[in-house]
Structure formats: C-alpha cells, structure tokens
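A short worksheet on the structure shown next.
Quick note: the coordinates plus some simple rules give every number you see, no bench work behind them. None of these values were measured; they are calculated from a predicted model. Please note: Cβ atoms are built from the backbone with ideal geometry, for glycine as well, and neighbour counts cover all protein chains shown.
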Amino acid sequence: MTVGDAAIRGAAFLRAAGLASPVLDASLLLADILNTDKVGLILAGPEPLVEDAYRRFEQSLERRRAGECAAYILGRKEFRGLDFTVTTDVLVPRPDTETLAEVALSRIDERTRTRAGVSSPAPLALLDLGTGSGALAVTLKHERSALRVCASDISGKALEVARKNALKILQPTTGGELPISFIESDLFDRIGASPGPVRFDFIISNPPYVPTAVLVDLAPEVRREPPLALDGGKDGLDLIRRIIAEAPPFLCPGGTLLMEADPDQIRTIAGILESRGYSDIQMYRDLAGQMRVIGGSYSA
Ligand code: GLN
C-alpha cells in the first residue's frame, strides 16, 4: 500500500464514522506518524507505507473514531503558526481564540504608539488569566518580545503544559530565563504574590464560558476537554462576572481588559462592563463574522 492509498482509506474510515473533517484529520494523523507535514505527505503519496506505520495509523484512526480529537492524539495543536503541546489537562487552542490574540496585538500596538513621545517608557505588562496551554501568553510574547507577560491558571497541571510551551517556543529565541512569569491562581487570588508585575496595561482571558447545562450536549471531542476550562456556571458568565469585578485593582490607570466569550453573551457582557464603570467598550468579530471578543478600559 502507498502512503496516498493509506490517506484515502483513513479518510474513508473517518467519513463512514460520521466525522466532520475526515480528510484533514486522516492527513494530520498520517503526517504525524511519518514525521512530516501536509505538504510532505502529498509528496510521499506514491511511496510504499511500511506495515508498522500503517498499524500505528490504524490505531490513531480508531482513537479519532472513538471521539478523541486529533490534537489530543497528536499531543499538539497549531495556534497562529506556532506548535503548541497539548494534553487533556488543557483546552485545545481554537481558531476563535486567534481573534483575541489579534485584538490584543492591535491594542498593544495602539498603546505603544500613543506612548511614542515618552522617553524610555516602562515595558507594557500583560496578564493572561487562565492561560491553559499558554497559547495566548506565549503567542503574544513571541510576537511582541518587549512585553512583560504573566500567565496564571487555577490548574497546576495546565501550568506545566504552558511552561513547556514557553520553553519550547520562546526559549530558543530568548535564551536564559523563562520569559513569562507563571503563577497558579484562582483568577486574581494570588496575582499579588506573583514574581512579575501586579498592575497590568492589559488583562486578557479566554475563561470558561459554556453554560453548565450546555456542556453535556457538546461534541464528544469537547466533552474530553477539562470541564474546568469550559464550565462557566448557569449562564456561562460566572467567571466573566468575577473577572470584570476583580480586575480594576490589577489594571494600570486606563488599562484594558479583553475577553473571549460566546457571541450570544457579548451584549450582556457589555452591559456588565458598563455597570462596573469600564469605558471604551468595544466588541470584535471572529473569522466567522461572529462577535467573539469584548473589551473595556478602566480608569479609577
Ligand atoms: N469556544 C469553546 C467551545 O465552544 C469554549 C471555550 C471556553 O469556554 N473558553 O468549545
């Protein structure tokens, strides 16, 4: 059997199992076994596939059929072009969340421009609350190396994954010390004890925002993700409400809070931000055109 034949068979197997993206998933799984990427897989199409590799491919396909997502099977997921390690202790980074990364970058750049006249301004500080795999914190540090980044999570196991990603993705460019300070904290509870800054120009978060009752109806792939990263309580807004209420003392004057949420929640969140005294409330759409990110600034 050739590599190409195996890819076709794999896709057919996943399609028959009713999965949504059988071709993509089969190619990702096979490319991983052959230690290559999607282009390499196409180039290797006519080559024979050794039996051991086919057997391992079948095992991956079976796991995928049984409801594990490709990212957990591979142990990694791409986010904004970077290769993140993922385990079942963290939410798999979603393309939706790239919107939050983009919005944060553009707001950071805006802030940097407005400070252009200030002589030697302190580096901007950013806190990623509930960092999970570290996708946001590591991406932002990777793309804006002058930022001081602090990342927190309530889960020590998630922080281990985030640390690993910071080492893997940032260390080769920065060398020496880990360029992000990590802290285990239930939202802001221990941020004051952080070795990094305690007031931030930006606080960003992709908190759990799925209503508890909706969790059970999610796709089998999502039900294997940590509920801690998804369950937002009765209306999904428990954590978002807490973040909005607790953030002000941790924001620099005029600092900005940016959060991801469900498109259906965005207007309610705008109301909460307003009632809590935030200004400059802005909403942003994701690639699918849905409202996905909301932010506001706070001046005491
Ligand atoms: N967007 C995710 C989902 O619907 C939810 C992520 C979250 O709660 N932060 O699966």
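A few notes on this one:
- Working note: Cα atoms of the stretch 1-107, range along each principal axis, descending, whole Å: 52, 29, 21.
- Between the beta carbons of GLN171 and ASP37, assuming R0 = 30 Å, the FRET efficiency works out to 0.85 to the nearest 0.05.
- Of LYS141/LYS234; LYS164/LYS234; LYS38/LYS168; LYS38/LYS157, those spanning more than 26 Å from alpha-carbon to alpha-carbon: LYS141/LYS234; LYS164/LYS234; LYS38/LYS157
- Cα gyration tensor shape of the stretch 37-88, rounded if a/c is under 1.5, else prolate or oblate by comparing a/b with b/c: oblate
- Modelled this way, with points 7 Å down the Cα-to-C-beta line, the labels at GLU110 and THR212 are 3.7 nm from one another.
- Contour minus Cα-Cα distance for ARG241 and GLU47 (0.36 nm per residue): 64.3 nm
- Here the stretch 148-300 is treated as an ellipsoid with the same Cα gyration tensor; its semi-axes, largest first and in whole Å, are 25, 22, 15.
- Taking Cα centre as origin and charging only the Cβ of basic (Lys, Arg, +1) and acidic (Asp, Glu, -1) residues, the dipole magnitude of the stretch 105-248 rounds to 440 debye.
- Exposure proxy shown here: for MET259, MET1, MET283, the number of other Cβ atoms within 10 Å sets the order, fewest to most, as MET1, MET283, MET259.
- Modelled FRET efficiency - R0 22 Å, ALA300 with GLU143, Cβ distances, 0.05 increments: 0.15
- For the options VAL118, VAL23, VAL198, a Gaussian network treatment of the chain with springs between C-alpha atoms closer than 10 Å singles out VAL118 as fluctuating the most.
- Dipole magnitude of the stretch 1-76, debye to nearest 20 (Cβ charges: Lys/Arg +1, Asp/Glu -1, about Cα centre): 240 debye
- Test item: Cα-centred dipole of the chain, Lys/Arg +1 and Asp/Glu -1 on Cβ, debye: 420 debye
- Packing-based order for 37-43, 162-168, 267-273, using average beta carbon neighbours within 10 Å, highest first: 162-168, 267-273, 37-43
- Rounded Å value of the spacing that divides the Cα centres of the stretch 238-294 and the stretch 94-124: 17 Å
- Ratio Rg/Rh [Cα only; Rh per Kirkwood] for the chain: 1.02
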